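Presented below is the structure to which this report refers.
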Amino acid sequence: MAAMAHGLQPPPEITLAAARQCVAPLPQSTPTIVMGSKSASRRALLEAMGCTSFETRVADLDEDAIGDRKGDPHVLVRAIAAAKCDALLERHFASETNDDVVLVCGDQVVTFEGRVREKPVDLDEAKDFAQSYSGGACSTVGCVISHDVLRNTRRVDVHEATVSFGAFPETLVDDILASADGPIVLQCAGGLMVEHPLLAPHIKSVEGGVDSIMGLATPMLAAQLQHIVEERRAFEEQCPLVHPRLGPVLGRPNVARGRWAVVGDVFNNAKPASRVLAKISAEAAACAAVSPYQKGGLASINDVRGALDAVDLCVSPRIGAREVEALADRGVRFVFAQPGADSAAVLAACRRRGVVVQRGCVLVDEWPS
């Protein structure tokens with residue numbers, strides 16, 4: 001009461017509850033999100049943004065082997081977050097499905113005077129770390145990545161938040177370490193648990209957002225997702241989904257009856273790619289079976305010998321976009337994209353490389369007589 005009477009503001013709260021109260025909302029029409037983090041606070045903040053249903057997947061990486069802890073912390077968090085994202089894409093999204101999701105990954109480090117501070121190695125270092133913050137400040141530097149799996153595009157941003165402290169009482173550090181939560185300090189980067197109740201009265205200011213300190217700058221994530229929503233909307237307006245009976249690929253008899261390759265899980269009879277292979281093999285002059293999932297044999301368009309008139313894609317968007325680059329490099333001008341393989345990423349690659357593409361299903365679309 002006395003502090004308020006003199007016009008002083010109470011110290012800011014650094015708690016998960018306070019962070020949840022100031023999150024930015026998710027944009028409308030946000031795609032399904034997969035959170036690439038095991039952080040409970042990041043998941044709680046995503047829920048507070050309005051995402052009530054999402055998957056959580058964790059990259060099994062040796063983060064200590066990535067980046068330079070003595071270098072620029074902004075570069076470090078970008079490198080670690082990107083490694084997490086790449087590992088999850090390789091492990092979970094290289095399947096024959098239409099991955100209509102956005103993968104959200106991140107990383108965060110604690111810095112003091114511009115240098116990264118790891119977890120304290122022992123109690124003495126924890127005390128030294130904590131005491132150094134008295135009357136000073138420490139910061140968190142974090143990275144947020146939003147990877148649109150459908151279009152294979154990525155947004156990467158770095159955020160920073162700073163906590164300033166008043167002078168600590170002589171016994172504060174010992175009191176924190178002796179408390180019930182004291183042992184947790186040894187597991188905290190920088191040796192500081194900023195949400196510890198004994199520390200709360202000594203916090204002078206927070207710059208950059210409490211949510212950022214808790215591991216997820218929600219306004220930054222919301223802006224990334226809004227950009228993805230707008231990109232998807234613009235692309236679909238330019239390239240609507242149509243299934244013509246005789247489209248730009250099958251409408252050319254010299255192409256439809258020419259030499260083809262089918263890229264997909266073509267040797268698995270339970271997959272549509274095997275039926276697509278049988279259909280094209282019966283209609284075209286020749287058809288090569290390309291399976292990225294099979295050891296040995298043709299794993300890519302690059303492995304097919306001789307000229308090709310057209311390629312049928314029956315694979316995930318990531319593999320499909322990669323194969324478009326390969327077939328364009330060898331002069332193939334026509335692509336037929338099956339459902340699930342006709343993603344925005346594949347269509348964008350075709351447009352960029354000047355490849356004619358038809359979206360549809362060769363099991364349904366009419367073949368020229």
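Listing for the model above:
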| read-out | value |
| --- | --- |
| Placed amide H near Cys287: partners under 5 Å, 5+ positions off or other chain | Trp260 |
| Val75, Val185 arranged by Cβ crowding within 10 Å, fewest neighbours leading | Val75, Val185 |
| Förster radius 56 Å - calculated FRET efficiency between Asp174 and Gln226 (Cβ-Cβ, nearest 0.05) | 0.75 |
| Spatial separation of Cα centroids for region 257-291 and region 304-337, in angstrom | 13 Å |
| Exposure proxy ranking, count of Cβ atoms within 10 Å, fewest first, for Ser291, Ser41 | Ser41, Ser291 |
| Out-of-range pairs (alpha-carbon distance over 29 Å; input Lys38/Lys271; Lys84/Lys119; Lys84/Lys279) | Lys38/Lys271; Lys84/Lys279 |
| For the chain, alpha-carbon Rg relative to the globular expectation (2.2 N^0.38 Å, N residues) | 1.29 |
| Three-way shape label, region 242-359, alpha-carbon gyration tensor, a/c 1.5 | rounded |
| Net dipole in debye of region 122-268 [+1 Lys, Arg Cβ; -1 Asp, Glu Cβ; about Cα centre; nearest 20] | 1700 debye |
| For the chain, size of Cβ-based charge dipole, Lys and Arg +1, Asp and Glu -1, in debye | 1900 debye |
| Expected 222 nm ellipticity per residue - DSSP helices of 4 or more, -39500 (n - 2.57), all of the chain, to 500 | -9500 deg cm²/dmol |
| Helix 272-283 axis, angle to the chain major axis (alpha carbon atoms, nearest 10°) | 20 degrees |
| The chain: antiparallel DSSP beta bridges as a percent of all, rounded to 5 | 55 percent |
| FRET efficiency, 1/(1 + (r/R0)^6) with R0 35 Å, evaluated for Lys38 and Ser134 via beta carbons | 0.65 |
| Positive-end residue, region 52-122 charge dipole about Cα centroid, Cβ charges, pick of Leu88, Gly71, Val104 | Gly71 |
| 0 to 90° range, to nearest 10: angle between helix 123-132 axis and the chain longest Cα axis | 80 degrees |
| Stretch gain in nm, segment Arg275-Thr162, where the contour uses 0.36 nm per residue and the Cα spacing is subtracted | 34.8 nm |
| Label-point separation in nm, Thr52 to Ala282, each point 7 Å along Cα→Cβ | 4.8 nm |
| Ascending count of other beta-carbon atoms within 10 Å, so fewest first, for Arg353, Arg117, Arg252 | Arg353, Arg252, Arg117 |
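Read-outs throughout are calculated quantities, based only on the coordinates presented, and are distinct from any laboratory measurement. These figures come from a predicted structure and were not determined experimentally. Glycine also receives a Cβ, built like all others from the backbone with ideal geometry; neighbour counts cover every protein chain displayed.
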